[in-house]
Every structure is written in structure tokens, then in C-alpha cells.
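In what follows, a single structure is set out as C-alpha cells and then discussed.
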Amino acid sequence: MSSVFATKWDFLFATVLIGVDRTTGVFSGSEPTPGQQMVAVWTSEEIATEALHVESWELKQIKVRELLALLPDGVGVVVDPERSTGMTAPAAYVAQLKRYVAPFPPRSQVRVAAWELDEAVRNAVVDAATGTGSVQEVHAFSYTVDDSPLLGCIAYVAEAGDADEVGSALDSALSASTSLEALGVATVTITGMGGVPEEVRAALGDAHVLHRRRQSRFWRR
């Protein structure tokens, strides 16, 4: 890796700027050698506007992981092209990284740990969960994937059909109340419990529970 991203994880969890052709919707890119297609991205608006005619290209933010998920096989990524601090991720390297687009990549070593959330953040997440009316449980934990930095996950159990509403509510509450830097993680995945692998669910305990709906009790006379 070059100086722009010290590790593959810095690259994967970065947000970059990409040029989108205003007429065709095609991503900015190049073909340095025949058959070697590269998508071009930039780390700042200043660098991007120097490289592109912005009247023809619209600059959009995109997370690198989301970009890699969109790329067809055989396409690489060049970051800050023609800059000494830039980097090139050839198609073969991009192919290796694509497995880490998933929050819990198959065939990876996942280690679960506690995630101490600030009380205000914790309350905001619980309020968002209970406000939907359909959430039964919310779990928060940190974890690593292979040699990754610490990652965060908020997993919930909700009534069928409410996943989108719950996920959006939790994401909005978390974004409004804190930052990734303050949370101490490289990224946060918000998912229904069904999106958490069975072996990870088995590692969760009461220490990871943010909220659990009390069960109604019916008494017989």
C-alpha cells in the first residue's frame, strides 16, 4: 500500500469521491493497457476537480466497500491517479479484497468482544429500537475479522416485515448521536440477527444485550 492508505483495511473502510458521467452514468476510469480497466477515485474534492471537467462529471461520495461490490470481475481501482501519494489496486488485488465487503466474510476468523457504548449513545439506540414497536432484542458487540481493526455491530430481533424500518431507525439514531471515531471502530454494521452467523450468535451473552423486551405474563386465577 502507498501512503494514501497504510493498510488494506484503511482502503476498504475509506470513503472516496468518484466521477459519474452526467449523461451516461458511467464511472470515471481509464484503460492503461488494453483489457486492463480501472475505475478512478479521489480522496478529496480538490484533487478530483483538478483531474475532471466537473461540468461533464458529477462527483459523488462512495464507500470503497460499496464500490468493490459493484465492480465486475477484472476491473481495478486507481486512487488519486497521477499523484505521487496515490495508489493502484489491480483487478487481482480487488478480487482478493471483495470477500471483505461482507460484514462477516465466510471462511474468516471472527472474534467477538464487548463494546462499551457511551450512555447517551446507548440510550439513543434503545429509544430508536423501542420506538418502532416491533423490536424484541437489540445486541451490540465489537469484533474483528482476521487481522482487521475493531468493527462494531448492532443486531436486532424484530417482527417479520419491519427490518427496513428498524434498520433505518437505528442507523439514524447512531449517526445523530456519535461518530465512528468516538465509537472506536472502523465501521458499524446494523443488521437483523439473521444476518449474524450462527457461530457469532453463539458467542454473544447478556453483556452484549442493549435491550430485551419484557415478556407479558398472564396469570390464571
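Just so you know, all these numbers are worked out from the coordinates, no wet-lab data involved. Just so it is clear, the model here is predicted, and its values are computed rather than measured. Using ideal geometry, Cβ is built from the backbone for each residue, glycine included, and neighbour counts are taken over all protein chains shown.
Here, P(r) means the percent of Cα pairs in each 5 Å bin from 0 to the largest distance; for the range 123-202 it is 3, 15, 27, 24, 18, 10, 2, 0.
Out of the DSSP beta bridges found with both residues in the range 37-115, what percent are antiparallel (nearest 5)?
Taking every DSSP beta bridge within the range 37-115, about 40 percent pair in antiparallel fashion.
What per residue convex hull volume, in Å³, do the alpha-carbon atoms of the range 74-213 yield?
Details: hull volume 19.8 nm³, N = 140.
Dividing the Cα hull volume of the range 74-213 by its residues yields 142 Å³.
Could you rank the peptides 67-77, 13-23 by their average count of other C-beta atoms within 10 Å per residue, with the highest value first?
Numbers: 67-77: 15.3, 13-23: 16.8.
Going by the mean number of other Cβ atoms within 10 Å, highest first, we get 13-23, 67-77.
Gyration tensor over the Cα atoms of the range 1-118: the corresponding equivalent ellipsoid has semi-axes (square roots of 5 times the eigenvalues, largest first) of 27, 17, 14 Å. Counted over the chain, the DSSP beta bridges are approximately 75% antiparallel.
Once you keep just the Cα pairs under 8 angstrom separated by 6 or more residues, what percentage relative contact order results for the chain? Mind dumping the intermediate values first?
Working: 350 pairs, mean separation 36.3, N = 221.
Reported as a whole number, the value is 16 percent.
A simple packing score, the average count of other Cβ atoms within 10 Å per residue, orders the peptides 55-66, 119-130 as 119-130, 55-66, with the highest score first. Computed from point charges on the beta carbon alone (+1 for Lys and Arg, -1 for Asp and Glu), the dipole magnitude for the chain about its Cα centre is near 1100 Debye. Could you tell me how many degrees, from 0 to 90 and to the nearest 10, lie between the Cα long axis of helix 163-177 and the main elongation axis, the longest principal axis, of the Cα atoms of the chain? Between the helix axis and the principal axis of the chain, the angle is about 80 degrees. Can you give me the angle between helix 119-132 and the longest principal axis of the chain, using Cα atoms only, in degrees from 0 to 90, rounded to the nearest 10? Rounded to the nearest ten degrees, it is 80.
Beta-bridge orientation, the range 111-221: approximately 75 percent antiparallel, per DSSP, counting only bridges with both partners inside. Mean residue ellipticity at 222 nm, helices only, the chain: -8000 deg cm²/dmol; runs of at least 4 DSSP H residues each add -39,500 (n - 2.57), and the sum is divided by the number of residues. When each of the peptides 42-51, 137-146 is scored by the mean number of other C-beta atoms lying within 10 Å of its residues, the order from highest to lowest reads 137-146, 42-51.
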